[in-house]
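Asker: Pasting a structure below so you can have a look.
The values are calculated or read from the model by the stated rules, or taken from the named source; none is laboratory data. All of these numbers come straight from a predicted model, not from anything done at the bench. A quick note on method: Cβ atoms are made from the backbone with ideal geometry, for glycine too, and the neighbour counts reach across all protein chains shown. All accessible areas refer to the heavy atoms of the entire protein, side chains included, with ligands and DNA or RNA removed. Shrake-Rupley method; radii C 1.70, N 1.55, O 1.52, S 1.80 Å.
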Amino acid sequence: MKKVIISLDNHKSEVYVGLNWNEVRNFIPASGCVIITDDNVYKIYGKLFPDFPVISIKPGEDSKNIGTIVTLAEKLLDEGIDRTGFILGIGGGVVCDITGFLASIYMRGINFGFISTTLLSQVDASVGGKNAVNIGKIKNILGCFRQPRFVICDPDLLLTLPDDEYLSGLGELVKMGLILDYNLFEKIENNIALLMSKDADLLESLISDSVELKASVVREDEKEISGKRMILNFGHTFGHVIETVASMKHGFAVAAGMVIASGISEKLGLIGLEEFQRIKSLLEKLNLLKKYSLDDNYFQEMLLKDKKKQGSLISFVLLQSPGRAVVRKMTVYEIMNLYRSIKKQV
Ligand code: ADP
Ligand code: ZN
């Protein structure tokens with residue numbers, strides 16, 4: 001088991017990787033707790049939940065809207081939850097986002113914690129204190145920064161995860177290696193068979209690495225002010241467009257976006273051709289590269305609408321080498337010209 005502490009100005013968040021999730025009883029108050037989960041997770045694990053009222057939402061991204069928040073807040077009122085109350089989210093990224101946002105605004109903020117049940121949320125989403133809901137198709141428009149008291153990442157929970165959800169999480173895991181840690185990238189490369197069989201020890205070690213890396217970025221730039229946190233967007237500029245248009249799961253779309261961003265890095269002379277091929281080959285071996293077809297002009301149109309754009313510039317994340325990211329401010333037209341020149345290789 002590994003404990004990672006994220007201490008920020010006046011609050012502290014603790015992430016436990018490899019802890020049996022039943023231990024959660026040691027982290028929550030004896031009364032005044034409500035559990036939020038989704039129907040799939042509840043069906044599989046509900047019987048083993050701590051003995052508190054459970055509110056279960058419909059699984060999937062569509063639940064991440066302000067209507068859900070209002071309905072849940074009404075249920076918290078019905079349960080008599082006051083400012084001393086506690087919300088425990090048990091689920092993947094969707095449940096964690098909803099729990100974190102609701103807890104942050106309910107009675108101006110009450111404490112909350114997560115048991116993170118998907119690989120994607122264990123390696124990335126549940127760590128770092130970003131909580132948000134969507135407006136229609138526009139993601140994470142209403143949200144806030146607020147850290148959970150604790151996050152429990154128990155790899156055993158991943159044994160019931162559908163295969164494509166598991167693979168999707170691997171996309172973000174590879175991302176963490178590529179932007180911050182060559183050793184993590186290599187560890188993934190050297191252990192593909194074990195990784196595909198969800199080997200518990202390997203997963204614990206990889207998730208710990210990823211959480212540790214994410215924590216180091218969050219400690220430096222909790223609220224995306226200095227720009228350090230931007231490197232976490234590697235593969236996401238193109239990835240978000242692909243995710244929306246080709247309706248791929250997040251990690252697959254990010255994998256496609258990482259191939260493009262790596263291709264552009266190669267074109268700019270930052271990484272070598274061999275390195276580019278090595279990255280692409282790893283993503284292929286992990287079954288992360290799905291076919292998609294997208295019109296260049298549509299890509300361009302969507303990038304012009306990118307909500308992270310500052311004026312005419314996008315902070316585009318590139319690779320200096322596997323394990324080291326750099327952010328470059330580029331116009332959409334520069335990015336698109338580079339994309340067109342490498343399109344055949346990606
Ligand atoms: P993400 O973490 O990728 O943002 P979600 O929260 O939408 O994703 O979860 C992805 C899907 O996996 C949902 O349908 C959810 O109900 C289901 N799910 C989450 N955790 C588990 C688990 N441990 N076992 C089985 N299914 C799960
Ligand atoms: Zn992501």
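Asker: Local charge sum around Ala261 (other residues, Cβ-Cβ under 12 Å, Lys/Arg +1, Asp/Glu -1)? Write down the numbers at each step before the final one.
Answerer: Numbers: positive: Lys175, Lys267, Lys280, Arg328; negative: Glu266.
For residues surrounding Ala261, the net value is +3.
Asker: By DSSP, what percent of the beta bridges with both residues in segment 2-160 are antiparallel, rounded to the nearest 5?
Answerer: Of those bridges, close to 35 percent are antiparallel.
Asker: Another question, if that's okay. Full extension from Ser31 to Arg108: what is 0.36 nm times the residue separation minus their Cα-Cα distance, to one decimal in nm? Spell out each step's value before the answer.
Answerer: On the way: separation 77, 0.36 × 77 = 27.72 nm, distance 1.99 nm.
Length gained between Ser31 and Arg108: 25.7 nm.
Asker: Okay, next question. Quick one: Cα centre-to-centre distance for segment 139-192 and segment 76-131, in angstrom?
Answerer: If we compute the Cα centre of each part, the gap is 18 Å.
Asker: Additional query: Gaussian network model of the chain, Cα springs within a sub-10 Å range: biggest mean-square fluctuation belongs to which of Ile66, Ile231, Ile115?
Answerer: Result for the chain, Cα springs under 10 Å: Ile66 fluctuates most.
Asker: Using only DSSP helix segments of four residues or longer, with each worth -39500 (n - 2.57), what per-residue ellipticity at 222 nm results for the chain after dividing by its residue count and rounding to 500?
Answerer: Numbers: 12 runs with 146 residues, N = 346.
That calculation yields -13000 deg cm²/dmol at 222 nm.
Asker: While we're on this one: Measure nothing fancy, just the Cα-based angle from helix 250-267's long axis to the longest principal axis of the chain, in degrees from 0 to 90, nearest 10.
Answerer: Rounded to the nearest ten degrees, it is 30.
Asker: A follow-up question, please. Give me the percent relative contact order of the chain, please, defined on Cα pairs under 8 angstrom at least 6 residues apart. Don't skip to the end; give the middle numbers.
Answerer: Details: 626 pairs, mean separation 51.2, N = 346.
Normalised by residue count, the contact order of the chain is 15 percent.
Asker: Give the residue list of trypsin sites (Lys or Arg not before Pro) in segment 94-182 that are DSSP loop and have at most 10 other beta-carbon atoms within 10 angstrom.
Answerer: Values: sites: Arg108, Lys130, Lys137, Lys139, Arg146, Arg149, Lys175; in loops: Lys137, Arg146, Arg149.
For trypsin sites (Lys or Arg not before Pro) across segment 94-182 that sit outside H, G, I, E and B with at most 10 neighbouring Cβ atoms in 10 Å, the list reads Lys137.
Asker: Can I ask one more? Could you check how much of the accessible area of segment 163-342 is carbon and sulfur, as a whole percent, using a 1.4 Å probe?
Answerer: On segment 163-342, the fraction of accessible area on carbon and sulfur atoms equals 46 percent.
Asker: Considering only the other residues whose Cβ falls under 12 Å of the Cβ of Lys285, what net charge follows from Lys and Arg at +1 and Asp and Glu at -1? Walk me through the numbers before you get to the answer.
Answerer: Working: positive: Arg278, Lys280; negative: Glu189, Glu284.
Result for the local shell: 0.
Asker: Between segment 1-35 and segment 310-346, how far is it from one alpha carbon centroid to the other, in angstrom?
Answerer: With segment 1-35 and segment 310-346 each reduced to a Cα centre, they are spaced 38 Å.
Asker: While we're on this one: If I take R0 = 41 Å and measure r between the Cβ atoms of Arg83 and Lys43 in this structure, what FRET efficiency does the formula 1/(1 + (r/R0)^6) give, to the nearest 0.05? It would help to have the intermediate numbers written out before the result.
Answerer: Details: r = 32 Å, r/R0 = 0.78.
Here the calculated transfer efficiency is 0.80.
Asker: Considering only DSSP states other than H, G, I, E and B, which trypsin sites (Lys or Arg not before Pro) in segment 232-338 qualify as loop sites with at most 11 other Cβ atoms within 10 Å? Write out the running numbers ahead of the final one.
Answerer: On the way: sites: Lys249, Lys267, Arg278, Lys280, Lys285, Lys290, Lys291, Lys305, Lys307, Lys308, Lys309, Arg324, Arg328, Lys329; in loops: Lys249, Lys290, Lys291, Lys305, Lys307, Lys308, Lys309.
Within segment 232-338, the qualifying trypsin sites (Lys or Arg not before Pro) (loop, at most 11 other Cβ atoms within 10 Å) are Lys291, Lys305, Lys307.
Asker: Something else: Is the chain best put as rounded, prolate or oblate by its Cα gyration tensor, with a ≥ b ≥ c the root eigenvalues, rounded for a/c under 1.5, and otherwise prolate when a/b is larger than b/c, oblate when not? Before the final figure, lay out the partial values.
Answerer: On the way: a/c = 1.88, a/b = 1.54, b/c = 1.22.
Cα axes put the chain in the prolate bin.
Asker: Say the dipole of the chain comes from +1 at the beta carbon of Lys and Arg and -1 at that of Asp and Glu; which of Val151, Phe101, Tyr333 then lies farthest toward its positive end?
Answerer: Tyr333
Asker: Among Ser281, Ser265, Ser13, whose mean-square fluctuation peaks in a Gaussian network model of the chain (Cα, cutoff 10 Å)?
Answerer: In the Gaussian network model the winner is Ser281.
Asker: Kindly flag which residue pairs out of Lys228/Lys309; Lys2/Lys64; Lys187/Lys308; Lys3/Lys139; Lys214/Lys267; Lys307/Lys329 have an alpha-carbon separation exceeding 20 Å in this structure. Don't skip to the end; give the middle numbers.
Answerer: Numbers: Lys228/Lys309 16 Å; Lys2/Lys64 30 Å; Lys187/Lys308 32 Å; Lys3/Lys139 31 Å; Lys214/Lys267 28 Å; Lys307/Lys329 15 Å.
Flagged as over cut-off: Lys2/Lys64; Lys187/Lys308; Lys3/Lys139; Lys214/Lys267.
Asker: I'd like to know which of Leu77, Val41, Gly91 lies farthest towards the positive end of the charge dipole of segment 12-169, counting +1 on Cβ of Lys and Arg and -1 on Cβ of Asp and Glu.
Answerer: Leu77
Asker: Can you pull the one-decimal nm distance between simple spin-label points at Gln310 and Ile66, each 7 Å off the Cα toward Cβ?
Answerer: The answer from the label model is 2.7 nm.
Asker: For the chain, give the share of DSSP beta bridges that are antiparallel, in percent and rounded to the nearest 5; count only bridges with both residues there. If you can, show how the numbers build up before the last one.
Answerer: Values: 21 of 44 bridges.
In the chain, DSSP labels about 50 percent of beta bridges as antiparallel.
Asker: Please name which of Gln345, Leu184, Gly323 has its Cα lying farthest along the dipole of the chain towards the positive end, using unit charges on Cβ (Lys, Arg +1; Asp, Glu -1) and the Cα centre as origin.
Answerer: The Cα lying farthest towards the positive end belongs to Gln345.
Asker: If you take every residue apart from Ser31 with its C-beta less than 12 Å away from the C-beta of Ser31, what net charge results, scoring Lys and Arg +1 and Asp and Glu -1?
Answerer: On the way: positive: none; negative: Asp51, Glu79, Asp82.
Local charge sum for Ser31: -3.
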